[in-house]
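K.L.:
Have a look at the structure that comes next, please.
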Ligand SMILES: [Fe+2]
């Protein structure tokens with residue numbers, strides 16, 4: 001057997017806890033990443049682990065694929081994900097989250113996939129597909145993470161918004177200053193309709209996504 005590998009790393013202007021929130025926010029994949037993902041279904045989710053089926057299109061080779069992914073937190077700084085492809089492939093992903101300061105972190109994602117020996121020649125293509133995927137989804141995720149961090153500091157609460165904005169009562173003293181982001185998993189989400197049906201991409205084409 002041979003192992004195909006790829007490693008990507010980028011710095012982010014928000015704490016690593018916001019990045020964890022983003023990784024566990026399944027719903028955004030068919031919204032923010034609508035160009036890649038068409039549907040997903042959460043089969044099971046508890047505490048910091050989840051089992052999610054996802055349907056997507058791979059960049060560069062333009063291949064439609066789907067996988068069953070198990071994701072969990074090995075430690076507060078390490079997320080692991082194993083994606084079982086329908087064609088028998090297994091993609092292991094290690095997401096390292098490094099604290100760079102109160103409002104900054106580094107995300108380093110390492111991918112590996114075991115393949116039969118003859119497929120060793122696919123290494124350059126594998127690295128190209130993974131790096132494009134990482135780069136494209138990063139560009140889409142980054143503004144959302146930064147925005148989440150900004151509104152979080154203003155007192156944002158999921159499905160409630162910002163109280164002082166809702167009540168039109170004016171910005172209280174201290175709003176916008178540092179407020180630690182918790183890691184509370186699983187994340188609250190919009191209920192499926194009907195239950196068990198999964199979530200689908202809301203549209204195929206868009207200029208700007210309202211997330
Ligand atoms: Fe994302």
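K.L.:
Count, please, the residues in the range 47-58 that happen to be within 16 Å of the ligand (Cβ to nearest atom) and within 24 Å of residue 76 (Cβ to Cβ).
P.N.:
Counting residues in the range 47-58 that are within 16 Å of the ligand (Cβ to nearest atom) and within 24 Å of residue 76 (Cβ to Cβ) gives 2.
K.L.:
I'd like the residue in the range 27-46 that is assigned to a loop (DSSP other than H, G, I, E, B) and surrounded by 18 or more Cβ atoms within 10 Å (Cβ to Cβ) and, out of all such residues, is farthest from the ligand (Cβ to nearest atom).
P.N.:
Among those residues, the one meeting the criterion is 34.
K.L.:
Read through the list (1) more than 30 Å from residue 2 (Cβ to Cβ); (2) within 16 Å of the ligand (Cβ to nearest atom), then give the number of the only condition that residue 79 fails.
P.N.:
Every listed condition holds for residue 79 apart from (1).
K.L.:
Within the range 51-65, which residues are closer than 23 Å to residue 2 by Cα and surrounded by fewer than 16 Cβ atoms within 10 Å (Cβ to Cβ)?
P.N.:
Within the range 51-65, 58, 60, 61, 63, 65 qualify.
K.L.:
Select, from 118, 134, the only residue that is in a helix (DSSP H, G or I) and more than 18 Å from residue 57 (Cα to Cα).
P.N.:
Result of the check over 118, 134: 118.
K.L.:
Given (1) surrounded by 15 or more Cβ atoms within 10 Å (Cβ to Cβ); (2) closer than 21 Å to residue 10 by Cβ, where does residue 115 come up short, assuming only one miss?
P.N.:
(2)
K.L.:
Against the conditions (1) surrounded by 14 or more Cβ atoms within 10 Å (Cβ to Cβ); (2) more than 16 Å from the ligand (Cβ to nearest atom); (3) farther than 19 Å from residue 7 by Cα, where does residue 196 fall short? Just the number, please.
P.N.:
(1)
K.L.:
Farther than 16 Å from residue 186 by Cα, at pLDDT 95 or above and more than 15 Å from the chain's Cα centre (by Cα): is that true of residue 112 in this structure? Step through it out loud before you land on a result.
P.N.:
On the way: farther than 16 Å from residue 186 by Cα: yes; at pLDDT 95 or above: yes; more than 15 Å from the chain's Cα centre (by Cα): yes.
Taking the combined requirement at face value, the residue satisfies it.
K.L.:
Looking at this structure, is residue 61 touching a helix residue (DSSP H, G or I) at 6+ places or on another chain (Cβ under 7 Å) and part of a loop (DSSP other than H, G, I, E, B)?
P.N.:
yes
K.L.:
Do you know which residues across the range 144-155 are more than 11 Å from the ligand (Cβ to nearest atom) and either modelled with pLDDT of 95 or more or assigned to a helix (DSSP H, G or I) (or both)?
P.N.:
146, 147, 148, 149, 150, 151, 152, 153, listed by residue number.
K.L.:
Looking only at the range 119-141, which residues are buried (at least 17 other Cβ atoms within 10 Å of the Cβ) and either within 13 Å of the ligand (Cβ to nearest atom) or more than 23 Å from the chain's Cα centre (by Cα) (or both)?
P.N.:
Answer for the range 119-141, where residues must be buried (at least 17 other Cβ atoms within 10 Å of the Cβ) and either within 13 Å of the ligand (Cβ to nearest atom) or more than 23 Å from the chain's Cα centre (by Cα) (or both): 133, 134, 137, 140, 141.
K.L.:
Follow-up. Restricting to the range 1-26, name every residue that is away from the ligand (no atom under 11 Å from the Cβ) and part of a loop (DSSP other than H, G, I, E, B).
P.N.:
Within the range 1-26, 1, 13, 14, 15 qualify.
K.L.:
For the range 59-76, which residues satisfy the criterion of being more than 15 Å from the ligand (Cβ to nearest atom) and closer than 21 Å to residue 125 by Cβ?
P.N.:
Our first condition is that a residue be more than 15 Å from the ligand (Cβ to nearest atom); within the range 59-76, this holds for 60-68, 70, 72-76.
If the condition is that a residue be more than 15 Å from the ligand (Cβ to nearest atom) and closer than 21 Å to residue 125 by Cβ, then 60, 61, 62, 63, 64, 65, 66, 67 are the ones that fit.
The values are calculated or read from the model by the stated rules, or taken from the named source; none is laboratory data. If you're wondering where the values come from, they're calculated on a predicted model, not measured in any experiment. Because the Cβ atoms are built from the backbone with ideal geometry, glycine has one as well, and the counts that use them run over all protein chains shown.
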